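Asker: Below are the structure tokens for one structure; questions will follow.
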Amino acid sequence: MTSDPAKTPDTFDPLREAAQQRIQVIDRPDGSKEFVLPALRNFRQKIGFTIAWVILLAVFLEVALINARVLNELPGFIRFIVANHTYFFLGILGLIELLLTYACFGMWFRSSRIIAVPGELRVVTHWLIFKRSVTVPVDKIIEIRLENTSSEGENLYYEILVLTRGDKRSRLAFLYPAKAKAGTPFTENDLKVVNTGGRRIHAATDIKGKPEASWLLQEINRALERKE
């Protein structure tokens with residue numbers, strides 16, 4: 001059952017009411033809280049990225065067809081030179097299209113469930129028939145934070161990222177600086193994840209606006225009885 005606090009002057013929270021149009025908050029019988037982010041949210045963002053995907057696909061196919069026709073009319077040596085350049089361009093275009101396909105698939109079909117109980121965080125992610133479940137003890141959580149991942153017009157979209165501590169140093173630790181430095185994308189907590197072999201869990205994605213994302217982050221921390 002979705003929680004619906006009485007809308008009195010003392011308890012009514014406009015931000016909570018707006019957020020719950022896209023994020024369901026469920027009070028579970030065991031006293032835990034569940035936050036459900038359905039796949040069918042933020043249609044403007046989905047449509048914008050899908051239009052970009054269709055346009056890029058059309059450009060890719062058109063360039064490939066033109067390239068094939070032109071190459072057939074060129075002599076051998078020139079054909080070899082032109083083919084090297086155009087196939088390189090098509091490869092880059094194809095890689096961008098592949099990344100955009102991955103992003104669009106996640107936007108349209110990804111749904112998330114975050115179950116927060118004192119002492120434990122569970123994250124269940126669905127992509128159609130695929131499912132991934134992660135359970136993290138609270139004492140292994142280094143940080144739960146917001147990150148801006150995309151934009152659509154003036155709207156910014158955020159994700160909730162959970163950084164966890166592992167039991168041994170990551171094999172890729174040599175690729176990271178020893179200490180966090182200004183001007184680099186790594187924080188001290190990012191390096192703690194690498195140095196202990198922890199994980200970066202994308203608990204919730206495509207949250208519209210920082211106020212709504214901050215509200216969800218606050219609710220999760222409160223349910224976990226963590227200090228922000």
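Asker: Which members of region 148-163 meet the condition of being assigned to a loop (DSSP other than H, G, I, E, B) and either out of contact with any helix residue (DSSP H, G or I) (no Cβ under 9 Å at 6 or more places or on another chain) or surrounded by 11 or more Cβ atoms within 10 Å (Cβ to Cβ) (or both)? Spell out the reasoning first.
Answerer: Let us first name the residues in region 148-163 that are assigned to a loop (DSSP other than H, G, I, E, B), namely 153-154.
Within region 148-163, just 154 meets the criteria.
Asker: Report, ordered by the first and then the second residue, all pairs with beta carbons closer than 7 Å, sequence separation of six or more or different chains, a first member in region 33-62 that is under 19 Å from residue 151 (Cα atoms), and a second member that is part of a helix (DSSP H, G or I) and among the acidic types (Asp, Glu).
Answerer: Correct list of pairs: 56/97.
Asker: Exactly one of (1) surrounded by 15 or more Cβ atoms within 10 Å (Cβ to Cβ); (2) assigned to a strand (DSSP E or B) is unmet by residue 166. Its number?
Answerer: Residue 166 satisfies every listed condition except (2).
Asker: Determine, yes or no, whether residue 159 is acidic (Asp, Glu), in contact with a His (Cβ under 8 Å, 6 or more places away or on another chain) and under 17 Å from residue 38 (Cα atoms). Quick ask: steps written out before the conclusion?
Answerer: Values: acidic (Asp, Glu): yes; in contact with a His (Cβ under 8 Å, 6 or more places away or on another chain): yes; under 17 Å from residue 38 (Cα atoms): yes.
So residue 159 passes the test.
Asker: What number of residues within region 121-177 satisfy the criterion of being touching a residue at least 24 places away in the same chain (Cβ under 8 Å), aliphatic (A, V, I, L, M) and within 21 Å of residue 43 (Cα to Cα)?
Answerer: Qualifying residue count, region 121-177: 2.
Okay, residues lined up against (1) at negative phi; (2) part of a helix (DSSP H, G or I); (3) in contact with a strand residue (DSSP E or B) (Cβ under 6 Å, 6 or more places away or on another chain):
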residue: 124; (1), (2), (3): yes, no, yes
residue: 143; (1), (2), (3): yes, no, yes
residue: 212; (1), (2), (3): yes, yes, no
residue: 220; (1), (2), (3): yes, yes, yes
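Asker: So, one more: Residue 96 fails exactly one of the following numbered conditions: (1) within 19 Å of the chain's Cα centre (by Cα); (2) over 26 Å from residue 218 (Cα atoms); (3) part of a loop (DSSP other than H, G, I, E, B). What is the number of that condition?
Answerer: Here residue 96 meets the rest and fails (3).
Asker: Six or more apart or on different chains, Cβ atoms under 9 Å: show the pairs whose first residue is in region 216-228 and closer than 10 Å to residue 117 by Cα and touching a residue at least 60 places away in the same chain (Cβ under 8 Å) and whose second is part of a loop (DSSP other than H, G, I, E, B) and hydroxyl-bearing (Ser, Thr, Tyr).
Answerer: 223/32
Values in this text are rule-based calculations from the coordinates and carry no lab data. All values reported here derive from a predicted model rather than from experimental measurement. Positions of Cβ are generated from backbone atoms using ideal geometry, with glycine treated the same way; all protein chains shown enter the neighbour counts.
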